[in-house]
Amino acid sequence: MDILIVEDNKELLQLLTDFLRAEDYTVSTAENGEKALSLYERYGARLVLLDINLPDTDGFAVCEKIRAKGNTPIIMLTARVSKEDKLNGLILGADDYIEKPYDIDILLAKIKGIFKRRFAEDKLSDGEITLDLAAGTIIKGSKTICPTAKEFELLRMLMENKGQTLTKERLFNAVWGSDSESEQQTLTVHIKWLREKIENDPKAPTHIVTVWGKGYRWEG
């Protein structure tokens, strides 16, 4: 998904959701920290909009846990305007801190800026591997590889989270969807196929590394 909104004010949550979906972003929502972390673990997100005042915990704790799992951009949206709160959010890994009430056009501009810097490039490269995002192909050195759509999305997700271990459940739910009739074993098969396409030695992979008991990590 594109954006995970974590906000306990139901009216504001719905307004923001409707606005972002009208801008063609895919959006999921959570009204508390526990649900937010569960959704992030299952589906991931390309951006998190995070309120600090939540009913079961505070946004600082959620920010810290998300940052421990990956490098997803986080924008904190809050009425807490003290210097200490702002510094705490930034120290814990938030990319921006916006005070409520905020101008929706300014928020949208910040969101678009983050997506442009991090996700709108025509190519995603790391070492000898390049993803051509427009063509849906993989380039390894001078060789062009044509993966399946699922293989491409798997590799894109891994590369966008370089150095971070992504659980099998998160990868599966993000690429196939939680309501898919496929089984998680299909993820293992697709990882095997990807390795056969991009690894110099698929039996001793150096790009897509298995983290036993957890999932996979892109090492570049």
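Of all DSSP bridge pairs formed entirely within the chain, close to 55 percent run antiparallel. Exposure proxy ranking for Trp218, Trp212, based on other Cβ atoms within 10 angstrom of each Cβ and starting from the fewest, stands as Trp212, Trp218. For a quick check, take a GNM of the chain with Cα springs below 10 Å and name the residue from Glu169, Glu151, Glu196 with the largest mean-square fluctuation. Greatest mean-square fluctuation among the candidates belongs to Glu196.
Residue order for Asp126, Asp24, fewest other beta carbons within 10 angstrom first, comes to Asp24, Asp126. Per residue, the Cα convex hull of the stretch 124-218 amounts to 93 Å³. For the stretch 146-165 versus the stretch 86-138, the inter-centroid distance based on Cα atoms is 17 Å.
Calculate, in whole percent, how much of the Cα-Cα pair population of the stretch 57-105 lies beyond 15 Å. Counting every Cα pair in the stretch 57-105, those more than 15 Å apart make up 40 percent.
Looking at the chain, I'd like the Rg to Rh ratio, where Rg is from alpha-carbon atoms and Rh is Kirkwood's inverse mean 1/r. Provide the component values of the computation, followed by the final result.
On the way: Rg = 18.3 Å, Rh = 18.4 Å.
Over the Cα atoms of the chain, Rg/Rh equals 0.99.
Within the stretch 6-81, all pairs of alpha-carbon atoms sorted by distance into 10 Å bins from zero give the percentages 19, 57, 24, 0.
Since every read-out is calculated from the coordinates, none of them should be taken as a lab result. As the structure is a computational prediction, the values presented were derived from the model and not from experiment. Every residue, glycine among them, receives a Cβ derived from its backbone with ideal geometry; neighbour counts consider all protein chains shown.
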